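The values are calculated or read from the model by the stated rules, or taken from the named source; none is laboratory data. Remember, it's a predicted structure, so these values are computed and weren't measured experimentally. In this analysis, Cβ positions are derived from the backbone assuming ideal geometry, glycine residues included, and neighbour counts consider all displayed protein chains. Remember, those area values only see protein heavy atoms, side chains included, never the ligands or the DNA or RNA. Shrake-Rupley method; radii C 1.70, N 1.55, O 1.52, S 1.80 Å.
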Amino acid sequence: MLILGLETSCDETACAVVAVENAASERPRGRALSDIVHTQAATHARFGGVVPELASRDHLQRVLPVIDEALRGAGVTLDEIDGISVTRGPGLIGALLVGVQVAKSFAFATGKPLVGVNHLEGHLLAVLLSDDAPAPPFLGLVVSGGHTSLYAVSRIGEYRALGHTLDDAAGEAFDKVAKLLGLPYPGGAVIDSLSKDGDRRAFAFPRGLSRKRRDVFDFSFSGLKTAVATHVASHRDDALPDLCASFQEAVCDALTLRAVRAAKHAGLTQLVLCGGVAANSRLRALAHERCTAEGIALFLPPPRLCTDNGAMIAMAGASHLARGERWSEPSANLSADPGWRL
Ligand code: KG4
Ligand code: ZN
């Protein structure tokens with residue numbers, strides 16, 4: 001089936017056309033025929049973070065051209081699409097509403113079925129668009145600018161949260177630390193590349209929450225951010241690459257340690273990394289090291305499937321649509337849901 005996926009939950013206007021095989025099965029596979037991402041990073045950069053009002057306005061301006069580009073890129077017309085999938089939450093309410101209203105209008109005008117999906121389900125299922133894709137059950141570590149969570153995926157559509165961040169998301173920590181180091185927004189990729197010339201053992205930054213609690217799969221990054229701020233204030237001459245590498249190591253150590261422990265605790269032998277921070281080179285390397293040592297199969301979607309995109313939303317929507325779910329059903333909420341928990 002051919003699905004149009006639309007994503008406007010934060011600062012990317014994204015649309016993709018995805019051909020999905022075996023959509024109703026436990027082994028659905030997707031191939032993106034087009035995957036257009038318009039990022040607003042430049043708009044928000046001078047504010048050091050996403051400005052919700054600017055995000056909504058930019059989505060409004062870009063959403064139709066991006067959809068048009070996705071259809072043309074895939075060489076299909078709206079008529080040939082089997083269904084439409086849109087991010088319904090979580091995210092910024094004004095930003096979400098743009099995608100939701102446009103998707104509803106398209107569905108109304110064409111008579112095509114529509115589903116609203118959870119952005120985190122999109123991240124978790126993005127791996128099904130890559131060449132190396134697992135079949136459930138697997139553990140998913142979602143690490144993005146807005147979320148840091150561990151989910152046991154027992155089946156497609158069945159997600160059990162094992163842990164969350166108690167304060168900042170991992171990507172938020174990267175962005176905030178980048179800001180205090182005077183680096184541009186978004187900071188994750190910048191810290192990643194500066195770290196390549198740094199010593200990750202230069203400074204021992206805190207890992208957040210005790211390592212001794214083997215049954216806790218939550219995360220905390222706000223203490224780490226404060227530790228970096230305090231360190232920078234009193235050691236102005238320390239090399240930037242060393243600071244970046246040491247901070248990055250603390251984040252990646254905490255993430256991989258708990259992910260591997262959670263997998264073992266839940267009896268899962270497959271781990272999937274997803275979300276923008278999963279593009280981080282050190283996180284990928286450390287996860288590989290620890291999973292190999294513990295006999296866990298690691299699945300790393302390519303970086304462009306890790307950051308926000310429309311293809312992952314199409315992929316998540318396909319399984320709902322294939323099971324006959326429709327947004328017009330009375331049980332389904334017809335609006336955006338900014339705080340929707342998976
Ligand atoms: O998944 P995503 O595109 O959007 C959200 O749903 O939040 O994630 C964006 C986050 C930003 O915080 C960005 O700094 C971070 O992902 N990020 C990275 C890297 N690339 C993007 N963090 C660390 N290393 C990277 N290479
Ligand atoms: Zn995201």
Test result for SER56, surrounded by 15 or more Cβ atoms within 10 Å (Cβ to Cβ), out of contact with any strand residue (DSSP E or B) (no Cβ under 6 Å at 6 or more places or on another chain) and among the hydroxyl-bearing types (Ser, Thr, Tyr): yes
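Conditions (1) within 15 Å of ligand 2 (Cβ to nearest atom); (2) open to solvent by less than 20 Å² (accessible area, probe 1.4 Å); (3) farther than 20 Å from VAL142 by Cβ, marked per residue:
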residue	(1), (2), (3)
GLY5	yes, yes, no
GLU12	yes, no, no
GLU21	no, no, yes
SER25	no, no, yes
ARG29	no, no, yes
VAL50	yes, no, no
VAL63	no, yes, yes
ASP68	no, no, yes
Cross-chain or 6+ apart pairs with Cβ under 7 Å, segment 26-48 first and in contact (Cβ under 8 Å) with a residue 60 or more places away in the chain and farther than 23 Å from GLY157 by Cβ, then open to solvent by 60 Å² or more (accessible area, probe 1.4 Å) and outside any loop (DSSP other than H, G, I, E, B): ILE36/GLU69; GLY48/LYS179
Test for SER281: is it closer than 30 Å to SER34 by Cβ, surrounded by fewer than 19 Cβ atoms within 10 Å (Cβ to Cβ) and assigned by TED's automatic domain parsing to the domain that holds ARG160: yes
Residue in segment 317-340 that is within 14 Å of ligand 2 (Cβ to nearest atom) and not assigned by TED's automatic domain parsing to the domain that holds VAL86 present: yes
In segment 273-291, residue farthest from the chain's Cα centre (by Cα) [restricted to those that are closer than 16 Å to SER149 by Cα and not in a helix (DSSP H, G or I)]: LEU273
Some residue of segment 66-77 being in contact with a Pro (Cβ under 7 Å, 6 or more places away or on another chain) and without any contact (Cβ under 8 Å) to a residue 24 or more places away in the chain: no
Failed item, numbered, when THR292 is tested on (1) without any contact (Cβ under 8 Å) to a residue 60 or more places away in the chain; (2) in contact with a His (Cβ under 8 Å, 6 or more places away or on another chain): (2)
Segment 284-316, subset in contact with a Cys (Cβ under 7 Å, 6 or more places away or on another chain) and open to solvent by less than 30 Å² (accessible area, probe 1.4 Å), residue farthest from ligand 2 (Cβ to nearest atom): LEU286
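This table checks each residue for (1) in contact with a strand residue (DSSP E or B) (Cβ under 8 Å, 6 or more places away or on another chain); (2) part of a loop (DSSP other than H, G, I, E, B); (3) open to solvent by 20 Å² or more (accessible area, probe 1.4 Å).
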{"site": "LEU194", "(1), (2), (3)": "no, no, yes"}
{"site": "ASP197", "(1), (2), (3)": "no, yes, yes"}
{"site": "VAL228", "(1), (2), (3)": "no, no, no"}
{"site": "ALA233", "(1), (2), (3)": "no, no, yes"}
{"site": "ARG258", "(1), (2), (3)": "yes, no, no"}
{"site": "ARG261", "(1), (2), (3)": "no, no, yes"}
{"site": "HIS265", "(1), (2), (3)": "yes, no, yes"}
Inter-residue pairs, beta-carbon under 6 Å, first touching a residue at least 24 places away in the same chain (Cβ under 8 Å) and in segment 215-232, second open to solvent by 10 Å² or more (accessible area, probe 1.4 Å) and among the acidic types (Asp, Glu), 6+ apart: SER220/ASP167; PHE221/ASP168; SER222/ASP167; SER222/ASP168
Which listed residue, of GLY208, GLY188, is within 16 Å of ligand 2 (Cβ to nearest atom), within 22 Å of the chain's Cα centre (by Cα) and buried (at least 17 other Cβ atoms within 10 Å of the Cβ): GLY188
